[in-house]
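Have a look at the structure below, then the notes.
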Amino acid sequence: MSSPILKLVAQRVALGILLLLAVSVLIFAGTQILPGDVAQAILGQSATPESLANLREQLGLNQPAYLRYFHWLGGVLTGDLGTAMSSGQDIATSIKGRLWNTLFLAFWAAIVAVPLAIILGLIAVRYRNGWVDKLISGLALASTSFPEFFIGYVLVYFFAVKWQIFPGISTVYDGMPFGERMQAIALPATALTLVVLAHMMRMTRAAILNVMQSAYVETAELKGLSAFNVIRKHAFPNAIAPIINVVMLNLAYLIVGVVVVEVIFVYPGMGQYLVDHVTKRDVPVVQAVGLIFAAVYISLNIIADIAAIVANPRLRHPK
Amino acid sequence: MSNELEFLSRRVASGKLSRRDFLGRAAALGISAPFANSLLSSAARAAGPVKGGTLKAGLVGGESTNSLDPALFMTQVPFAFGKMWGELIVELSPEGKLENRIAEEIGSSDDAKVWTLKIRDGVEFHNGKTVTAEDVAATLERHSDEKSKSGALGYMKGIETIKASGKEVVLTLKEANADLPYLLSDYHLIVQPNGGKDKADAGISAGPYKVTTNEPGVRHGGERFANYWQGDKMGHADQIEIIVINDATARTAALQGGQVNVINRVEPKIVDLIKRLPGVTIRNHAGPGHYVFIMHCNTAPFDNADLRMALKLAIDREEMLDKILRGYGSLGNDFPINASYPLFTEIEQRKYDPDKAKFHFKKSGHDGAVLLRTSDVAFPGAVDASQLFQQSAAKAGIQIELKREPGDGYWNEVWNKQPFCASYWGGRSTQDQMYSTAYLSTADWNDTRFKRPDFDKMVLAARAELDETKRKQMYHDMAVLVRDEGGLILPMFNQFIDATGAKVGGWVDDPHQELMNGYALAKCWLEA
């Protein structure tokens, strides 16, 4: 590792932080544009002008918006996300459990999906245009084309109802033994795997095929290397950047886009939490969750960028 | 019943024969499965409650925004969980009678204005304290306070003073009310230590189960409260758990897979499929809930009585009951009361009559379409029902324009705001309560803007009347007024459709609310 890389990485991270700040302004502004303010939302029908004024004073809503923004930002940076309007619970505490659950599910889905997708992609390249390739592509595309709720219900029907191997509802809780927890998330993790599999697999296949046209691959073949070794040693390292990108995009999806799967399997993650609070117009929670989702997205993209830089010899050793 | 069957069913009840074997032998004897199942449950009931185990319910109607503060209960999960940990002053029995709980006796002055609640001795809170008259008084005070935002505030406003002295709580009402004990059975009025004034969401009361887990929108759990004052009647399972499953298919699958023992809100369209599943029993029964289309009587064009009548005649109630509820309900008659209320009298059924509807529509002088707002959340099948309404009205020459509103915000932006929309009511325990909540001129939830001083007077007069025959006549007259002149189109009363899995014993239909009025987990047991 040399200093130009460190510099590039530092640049990326700084850009990411800047972007996150911009997003926080957007989120804050967005919730301010909504009709009515938090005080009105809290008091609802029973609002009198007097109680509204009192509550506004109490919540500091009389201050100008930019002051409130910095106040909120200061809170976020010190880990204080405020309290939920609807239930009066501390947001940071409730989100912690939910976020952990979401990450847990995403982690195990990724552990299965990413290697599986890449290996299937490699196999598809090795036997490209043959029946193996077509079978893998066909199945993966089919599983992605079905909506997730359909895959979810099919899994529930066979594994939970017919054969009763795994539970159909994935309620997890603190202090649940690891084995039970794994059993509980088996079906939602499978559903998520099937949803993200094809995208990554196809991208791997396309990226490697692209590299396979190059002269050095031909050289490698002429040297007499076996087809798998050509792919493994020469093609794959050069195709890794786009693969990492698509993997990261799918990881982000596993974390921020799983509302439907959470609902079907009754999994207590972030998606369900967000939806509940949007319906109740619970602005502080929506802001907090929005910011967390943005942070996840941005940081995964930074990681993808950095990984691509590190994996690319031309960027690693600039002339 | 043949002797052999009776013998077999008793053997199952005592755990010497498996349910499956029993059903197999019953089939061999030529007995149909439903009948054999009913034999089993009667045998189990005769064998008495079984203590122990964990009863689990998978319920729709819980959000991560739920609180344990009883004042804020609105949806089914807090309601049902509240009945587990909470104890009320008085409750309604499945037969519709008053059943005293924390109050041992409820008496009133002759004019029904002063009521005295005698507090039962030796009822204990989960924190070990004894329930006192002061706790009961403080509970009622808190729910009478605007700040508590209590769902019971509407009726509590009618109480002028609340005084605790010794073992009694004396309530003085602003106006006489013969129904006060019924009002006190409201599920919000859970008695809490010091009325919950110290910590409203502590989850401490004197109910059959102590709160052990409270994860709003995910799951709620309780363990049996050893010192529950009527432990022989309730609290059979060692533990109870409510898992929030808002998705209907997931709920059914959980029941089928045996992860929960009870579910609520089975959709009418899949009842016939679920019925056939082994071990699953559908528990459907009539209640006071109803599906409605509501018109504001004070907003054009619905301020015209002929237009309202035209629309009431232009709806095909039978078709709707058949197609939307698949028969799991009963016909509505444009007033919000049915046989599940005390003092109900039958009134001639209004029928679909396109010719008459056409006549009234012409007479109203209204020109053009009528805008009806509808949404999936208004009631299950509301959008389909609105389309049926549109078609039946079209046959009468009335054009209904449908506007489908998003479910998010429907109850804030459309219901009780827009002049014509689809909605539902869960019903109340007495006629007075229903009319006071939604048909008095001053009621916040007067969602038909039915503002009639003569009707208000009738409500107040009936409320103070202690003579039952006279009262019945008064309610009849009120019903006729709402039916013929109000803004309510009530095509059907729905049924509660719950379902239980194998081995659930002790189920008793309760017409007041779903899940045995919320007590399913406390009153049922797991057969051995």
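The values are calculated or read from the model by the stated rules, or taken from the named source; none is laboratory data. Predicted, not measured: the structure shown is a model, and the values here were computed from it. So basically every Cβ, Gly included, is an ideal-geometry build from the backbone, and we count neighbours across all protein chains shown.
Could you please give the count of residues in the stretch B:215-241 that are within 14 Å of chain A (Cβ to nearest Cβ) and either among the polar types (S, T, N, Q) or farther than 14 Å from B:Y519 by Cα (or both)?
8
Can we say B:V260 is of a type outside the set (D, E, K, R), under 21 Å from B:G505 (Cβ atoms), within 20 Å of the chain's Cα centre (by Cα) and outside the structural domain of B:R428 (by the TED database)?
Working: of a type outside the set (D, E, K, R): yes; under 21 Å from B:G505 (Cβ atoms): yes; within 20 Å of the chain's Cα centre (by Cα): no; outside the structural domain of B:R428 (by the TED database): yes.
In short, no.
For B:A461, work out the one condition from (1) in contact with a helix residue (DSSP H, G or I) (Cβ under 8 Å, 6 or more places away or on another chain); (2) surrounded by 15 or more Cβ atoms within 10 Å (Cβ to Cβ); (3) not β-branched (V, I, T) it doesn't fulfil.
(2)
Can you confirm whether B:D510 is under 30 Å from B:D232 (Cβ atoms), in contact (Cβ under 8 Å) with a residue 40 or more places away in the chain and part of a loop (DSSP other than H, G, I, E, B)? Steps first, please.
On the way: under 30 Å from B:D232 (Cβ atoms): yes; in contact (Cβ under 8 Å) with a residue 40 or more places away in the chain: yes; part of a loop (DSSP other than H, G, I, E, B): yes.
Against the criterion (under 30 Å from B:D232 (Cβ atoms), in contact (Cβ under 8 Å) with a residue 40 or more places away in the chain and part of a loop (DSSP other than H, G, I, E, B)), B:D510 qualifies.
Which numbered condition in (1) touching a residue at least 24 places away in the same chain (Cβ under 8 Å); (2) away from chain A (no Cβ under 14 Å); (3) surrounded by fewer than 20 Cβ atoms within 10 Å (Cβ to Cβ) is the only one that B:V60 fails?
(2)
Is it true that some residue in the stretch B:428-444 is closer than 29 Å to B:D179 by Cα and within 14 Å of chain A (Cβ to nearest Cβ)?
Initial filter on the stretch B:428-444 (closer than 29 Å to B:D179 by Cα): B:428-444.
If we keep only those that are within 14 Å of chain A (Cβ to nearest Cβ) as well, we get B:443-444.
So far as the stretch B:428-444 goes, yes, one or more of its residues are closer than 29 Å to B:D179 by Cα and within 14 Å of chain A (Cβ to nearest Cβ).
Anything in the stretch A:149-196 that is within 13 Å of chain B (Cβ to nearest Cβ) and among the charged types (D, E, K, R)? List them, or say none.
Listed by number, the residues that qualify are A:K162, A:D174, A:E180.
When B:G82 is evaluated against the numbered criteria (1) surrounded by fewer than 16 Cβ atoms within 10 Å (Cβ to Cβ); (2) in contact with a helix residue (DSSP H, G or I) (Cβ under 7 Å, 6 or more places away or on another chain), which criterion, by number, is the only one it fails?
Answer for B:G82: the failing condition is (1).
Does B:N264 satisfy being within 14 Å of chain A (Cβ to nearest Cβ) and of a type outside the set (A, V, I, L, M, F, W, C)? Spell out how you get there, then give the answer.
Numbers: within 14 Å of chain A (Cβ to nearest Cβ): no; of a type outside the set (A, V, I, L, M, F, W, C): yes.
Criteria not met by B:N264.
Condition check: crowded, with 18+ Cβ neighbours inside 10 Å and of a type in the set (K, R). Does A:K233 satisfy that?
On the way: crowded, with 18+ Cβ neighbours inside 10 Å: no; of a type in the set (K, R): yes.
Answer is no for this residue.
What's the number of the only condition in (1) buried (at least 24 other Cβ atoms within 10 Å of the Cβ); (2) within 14 Å of chain A (Cβ to nearest Cβ); (3) modelled with pLDDT of 90 or more that B:T212 fails to meet?
(1)
Assess whether B:S364 counts as being more than 27 Å from B:E267 (Cβ to Cβ) and of a type in the set (S, T, N, Q).
Numbers: more than 27 Å from B:E267 (Cβ to Cβ): yes; of a type in the set (S, T, N, Q): yes.
Judged against the criteria, B:S364 is a match.
Taking the stretch B:396-450 on its own, how many of its residues are on the phi > 0 side of the Ramachandran plot and either modelled with pLDDT of 90 or more or not assigned by the TED database to the domain that holds B:M478 (or both)? Write out each step before concluding.
Keep residues of the stretch B:396-450 that are on the phi > 0 side of the Ramachandran plot, which gives B:397, B:409, B:416, B:427, B:449.
Narrowing further to those that are either modelled with pLDDT of 90 or more or not assigned by the TED database to the domain that holds B:M478 (or both): B:397, B:449.
Qualifying residue count for the region: 2.
Tell me, please, whether a residue that is basic (K, R), under 30 Å from A:V156 (Cβ atoms) and not in a helix (DSSP H, G or I) can be found in the stretch A:193-207.
Initially, the stretch A:193-207 is screened for residues basic (K, R), giving A:202, A:205.
This time we only want the ones that are under 30 Å from A:V156 (Cβ atoms), so: A:202.
Subset that is not in a helix (DSSP H, G or I): none.
Looking for residues that are basic (K, R), under 30 Å from A:V156 (Cβ atoms) and not in a helix (DSSP H, G or I), one finds none in the stretch A:193-207, hence no.
Got a sec? Which helices (runs of 4 or more DSSP H) wholly within the stretch A:231-319 have at least 1 residues that are modelled with pLDDT under 85, farther than 23 Å from B:N66 by Cα and away from chain B (no Cβ under 14 Å)? Explain how you work it out, then say what you get.
Values: elements: A:236-256, A:259-264, A:270-279, A:283-311, A:313-316.
Output list reads A:236-256, A:283-311, A:313-316.
For B:P278, indicate whether it is surrounded by fewer than 22 Cβ atoms within 10 Å (Cβ to Cβ) and under 27 Å from B:I400 (Cα atoms).
When the stated conditions are applied, B:P278 does not pass them.
Residues being part of a loop (DSSP other than H, G, I, E, B) and in contact with a strand residue (DSSP E or B) (Cβ under 9 Å, 6 or more places away or on another chain): count how many of those fall in the stretch B:388-444. Spell out the reasoning first.
So the first thing to find is which residues in the stretch B:388-444 are part of a loop (DSSP other than H, G, I, E, B), and the list is B:396-399, B:405-409, B:415-419, B:426-430, B:439-444.
Pick out the ones that are also in contact with a strand residue (DSSP E or B) (Cβ under 9 Å, 6 or more places away or on another chain) and you get B:398-399, B:405, B:415-416, B:418-419, B:426-429, B:439.
So the answer is 12.
From the list B:S67, B:S42, exactly one residue is hydroxyl-bearing (S, T, Y), part of a loop (DSSP other than H, G, I, E, B), at pLDDT below 95 and not assigned by the TED database to the domain that holds B:V169. Which is it? Step through it out loud before you land on a result.
Numbers: B:S42 fails: part of a loop (DSSP other than H, G, I, E, B).
It is B:S67.
Could you check B:R276 against (1) farther than 30 Å from B:P342 by Cβ; (2) in contact with a strand residue (DSSP E or B) (Cβ under 9 Å, 6 or more places away or on another chain) and say which number it fails?
(2)
Can you pull out the residues in the stretch B:391-405 that are in contact (Cβ under 8 Å) with a residue 12 or more places away in the chain and surrounded by fewer than 19 Cβ atoms within 10 Å (Cβ to Cβ)? Show your work before the answer.
Looking only at the stretch B:391-405, we keep the residues that are in contact (Cβ under 8 Å) with a residue 12 or more places away in the chain, and these are B:392-393, B:395-405.
Residues satisfying the conditions are B:K395, B:G397, B:Q399, B:E401, B:L402, B:K403, B:R404.
Against the conditions (1) modelled with pLDDT under 95; (2) assigned by the TED database to the domain that holds B:Q418, where does B:V218 fall short? Just the number, please.
In the conditions (1) modelled with pLDDT under 95; (2) assigned by the TED database to the domain that holds B:Q418, B:V218 misses (2) alone.
Looking only at the stretch B:91-119, which residues are more than 24 Å from the chain's Cα centre (by Cα), crowded, with 18+ Cβ neighbours inside 10 Å and not in a strand (DSSP E or B)?
B:A112
What residue, of B:D334, B:D376, is at pLDDT 95 or above and assigned to a loop (DSSP other than H, G, I, E, B)? I'd like the intermediate steps shown before the answer.
Values: B:D376 fails: at pLDDT 95 or above.
That would be B:D334, the only listed residue that is at pLDDT 95 or above and assigned to a loop (DSSP other than H, G, I, E, B).
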